[in-house]
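J.: Here it is, the structure, as structure tokens.
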Amino acid sequence: MFPAVLEPPLAFVAGILAGGRSSRMGADKATLQVGGESLLQRQVHLLREVQPVEVLVSLGAGSLALPPDLRAVRDAQPDQGPLGGLCALLEAAGGRPVLVLAVDMAGMTASVLSRLLQAARSGRSVVPRSPTGWEPLAAVYQPTLLA
């Protein structure tokens with residue numbers, strides 16, 4: 001029997017989109033508590049399960065206290081919504097793919113994120129689609145998209 005060939009780990013950066021104004025909600029979504037932790041803390045823990053090189057947090061124009069092991073990324077152009085955050089994350093990722101996750105997607109699992117990363121090994125961006133439509137805020141984007 002031949003030994004199994006193991007694929008090297010995919011070197012990627014995880015990026016949390018937390019720069020929304022939360023104008024309809026009236027409070028910063030990232031600080032909302034779910035299961036005893038903030039949405040931001042929950043997403044950080046979840047993303048660390050899939051072993052990124054680094055975890056970035058897109059903050060837009062807002063201000064949020066971050067733990068020292070996270071890097072804040074600001075939108076180059078404010079008020080561009082999630083697309084502005086995505087561009088900022090891709091620019092900060094140093095040429096690596098970015099696994100993007102919105103801060104308010106509390107139902108996400110490490111299993112789903114792992115499947116997205118596996119599909120991204122092809123070198124393509126991966127945006128999942130469900131029966132209700134595309135999910136661009138839980139996806140893997142390649143750095144070539146910046147061009």
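J.: Between 0 and 90 degrees, rounded to the nearest ten: what's the tilt of helix 39-49 against the longest Cα principal axis of the chain?
T.: Computed tilt is about 10 degrees.
J.: Extending each Cα 7 Å along its Cβ direction at Gln80 and Val127, get the distance between those two points in nm, one decimal.
T.: 1.5 nm
J.: Further question on the same structure: Computed from the mean reciprocal separation of all distinct C-alpha pairs, what Kirkwood hydrodynamic radius does segment 89-147 have, in Å?
T.: The answer is 11.9 Å.
J.: Still on this structure, please answer the following. Explain nothing, just the number: dipole magnitude of segment 73-146 about its Cα centre with +1 on each Lys and Arg Cβ and -1 on each Asp and Glu Cβ, in debye rounded to the nearest 20. Write out the running numbers ahead of the final one.
T.: Numbers: 6 positive and 5 negative charges, 80 e Å.
The dipole magnitude comes to about 380 debye.
J.: I've got another one for you. Which value in Å is the Kirkwood Rh of the chain over different Cα pairs?
T.: Values: mean 1/r = 0.0636 Å⁻¹.
Every distinct Cα pair counted, the radius reaches 15.7 Å.
J.: Over what distance in Å are the Cα centres of segment 29-54 and segment 109-145 separated?
T.: A separation of 18 Å, based on Cα centres.
J.: Hey, another quick one. Ignoring ligands, DNA and RNA, please state the percent of accessible area on segment 105-147 from carbon and sulfur, probe 1.4 Å.
T.: On the way: 1540 of 2650 Å².
Using a 1.4 Å probe with all protein chains present, segment 105-147 comes out at 58 percent carbon and sulfur.
J.: Kindly provide the helix-only [θ] at 222 nm of the chain, computed as the sum of -39,500 (n - 2.57) over DSSP H runs of four or more divided by all residues, to the nearest 500 deg cm²/dmol?
T.: Details: 3 runs with 34 residues, N = 147.
Counting only the DSSP helices, I get -7000 deg cm²/dmol.
J.: Which of the peptides 29-40, 96-107 is most tightly packed, and how do the rest follow, going by the mean number of other Cβ atoms within 10 Å of each residue? Could the numbers behind the result be given before it?
T.: Values: 29-40: 15.3, 96-107: 20.9.
Result, highest mean first: 96-107, 29-40.
J.: Once you charge only the Cβ atoms, +1 for Lys and Arg and -1 for Asp and Glu, what is the size of the charge dipole of the chain about its Cα centre, to the nearest 20 debye? Walk me through the numbers before you get to the answer.
T.: Values: 12 positive and 11 negative charges, 45 e Å.
Taking the Cα centre of the chain as origin, the dipole is about 220 debye.
J.: Which one, Phe12, Val53, Gln118, is farthest towards the positive end of the dipole of the chain when Lys and Arg carry +1 and Asp and Glu -1 on their Cβ?
T.: Checking the options against the dipole of the chain, the answer is Gln118.
The values are calculated or read from the model by the stated rules, or taken from the named source; none is laboratory data. Nothing here was measured: the structure is a model prediction, and the numbers come from that model. As a convention, Cβ positions derive from the backbone with ideal geometry for all residues, glycine included, and neighbour counts pool all protein chains shown. Calculation scope for accessible area: heavy atoms of the full protein, side chains included, ligands and nucleic acids excluded. Shrake-Rupley method; radii C 1.70, N 1.55, O 1.52, S 1.80 Å.
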